1. For the range 196-204, check the following and say yes or no: at least one residue is in a strand (DSSP E or B), at pLDDT 95 or above and among the β-branched types (Val, Ile, Thr).
2. Consider ASP37 carefully, then state whether it is at negative phi and in contact (Cβ under 8 Å) with a residue 12 or more places away in the chain.
3. Determine which single condition THR256 fails, assuming it passes every other condition in (1) closer than 27 Å to VAL101 by Cβ; (2) in contact (Cβ under 8 Å) with a residue 24 or more places away in the chain.
4. Among the residues of the range 298-309, what is the count of those that are in contact with a strand residue (DSSP E or B) (Cβ under 7 Å, 6 or more places away or on another chain) and under 16 Å from HIS266 (Cβ atoms)?
5. Considering only residues that are in a loop (DSSP other than H, G, I, E, B) and either crowded, with 18+ Cβ neighbours inside 10 Å or without any contact (Cβ under 8 Å) to a residue 60 or more places away in the chain (or both), which ones fall in the range 352-385?
6. Evaluate the following for ALA132: is it under 20 Å from ILE249 (Cβ atoms) and part of a strand (DSSP E or B)?
7. Only one of these is of a type outside the set (Phe, Trp, Tyr), at pLDDT 95 or above, in contact with a strand residue (DSSP E or B) (Cβ under 9 Å, 6 or more places away or on another chain) and within 15 Å of ASP64 (Cα to Cα): HIS157, HIS164. Name it.
Amino acid sequence: MIDRMQLGEVPPKPHTAFRSATGRLRYEECFTRLGFDGEFSILYHEGPPMTDRAIGPAVPGPFDRKAATFAPEQPLRRRLVVGEGAPAGWTPVCGNADVVVSLFELPVESASGSAFANGDGDDLLYVTSGRATLESPFGDLEVEGGDYVLVPRSVVHRFRVEEHLAGIAFELKGGLHLPAQFRNPVGQLRMDAPYTHRDFKRPAFVGPRPGPREILVKKGDRFVRREPLASPFDVVGWDGTVWPFAFPIRSFQPKTGLVHLPPTIHATFAARGALVCSFVPRVTDFHPDAIPCPYPHSSVDCDELIYYVSGNFTSRRGVGPKAISIHPAGIPHGPHPGAYEASIGTKSTDELAVMLDTFLPLHVAEQAAGLELPGYHDSWVPESS
């Protein structure tokens, strides 16, 4: 979804006999999206990819991506979830029909005999801290704190965690793509896009290797266990445009204007019904009377979620790293009292945060109830009132 890659051995033409040095026929796997109308990759396996010695219901174990159970509604209330208290594993925070947002905390561990494939959507993870290797049929992808990580729908993968991995995950049920305005007519990233092809971290080809003894597949928020006869990692080569990638958030190139620009300038990834934005350290607006703090606004069609990572969050008080604010459409929202005025004259900001805007309302999950900070909605009331 970034550009076409080719790694390892591939035949001169797709869908033709491709044999090993000993004459053994290799097996093609066409990994397609939108039926056969979307982007695709073709992988070449030593063994057939469609044979399973067993398939059936499964206990998800370490891959337990819990389905969000939504709590009773509190209409139009601003919410704050304190992620520092999240338990190990995956904790749903909120979601709708297009996206499920979860916090994750993954301990140090070697790659296990099991792997995971999410048949419900593309997984976009933002890694706050830690270091790991994402293993997949496409190769090994090195991941560290500050990286976005994209695992396309149904790609078999597992993490080899070298340092405790933590962050936020967006399960994008309608898929992820780069905003169309960043590409020229042939699909190349434009020179005025906020990133370049060079900024994306790509899988390193490993070659055929033993793979997981079982694959846990999530589909419709239920888990199925596959026991493949051939290793899904027995790939001798592949080419195409579907592959896992990482993008360091600090490689995002921010824009600055004479006066404060709307948050769409921070757009990084697009999805069905959602936009993911990156707030990175940057120079602020340069009109002599500019107010660099975000202006109060009523975005009447979008809910707004912000995951705070580091720095001085000028528009908010009482938030720290790993906090998640959720501001619903339907009421005005903006900076806390005093922040708007105090920002006048500032020349830069060191804030680092990830934002998600959605067109469908975000419903808070019951699993996040114990992490919510009470009284957040009322923190906009001036103390003198």
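The values are calculated or read from the model by the stated rules, or taken from the named source; none is laboratory data. Everything numeric here is computed off the predicted structure, so don't read it as measured data. Counting neighbours? That spans all protein chains shown, and the Cβs are built from the backbone with ideal geometry, glycine included.
1. No - not one qualifying residue is present in the range 196-204.
2. no
3. (1)
4. 7
5. LEU362, PRO374, GLY375, TYR376, VAL381, PRO382, GLU383, SER384, SER385
6. Considered against the rule, which asks whether it is under 20 Å from ILE249 (Cβ atoms) and part of a strand (DSSP E or B), ALA132 comes out as yes.
7. It is HIS157.
Matching residues to (1) modelled with pLDDT of 95 or more; (2) more than 30 Å from PRO137 (Cα to Cα):
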position	(1), (2)
PRO212	no, no
PHE252	yes, no
VAL280	yes, yes
ALA290	no, yes
ASP303	yes, yes
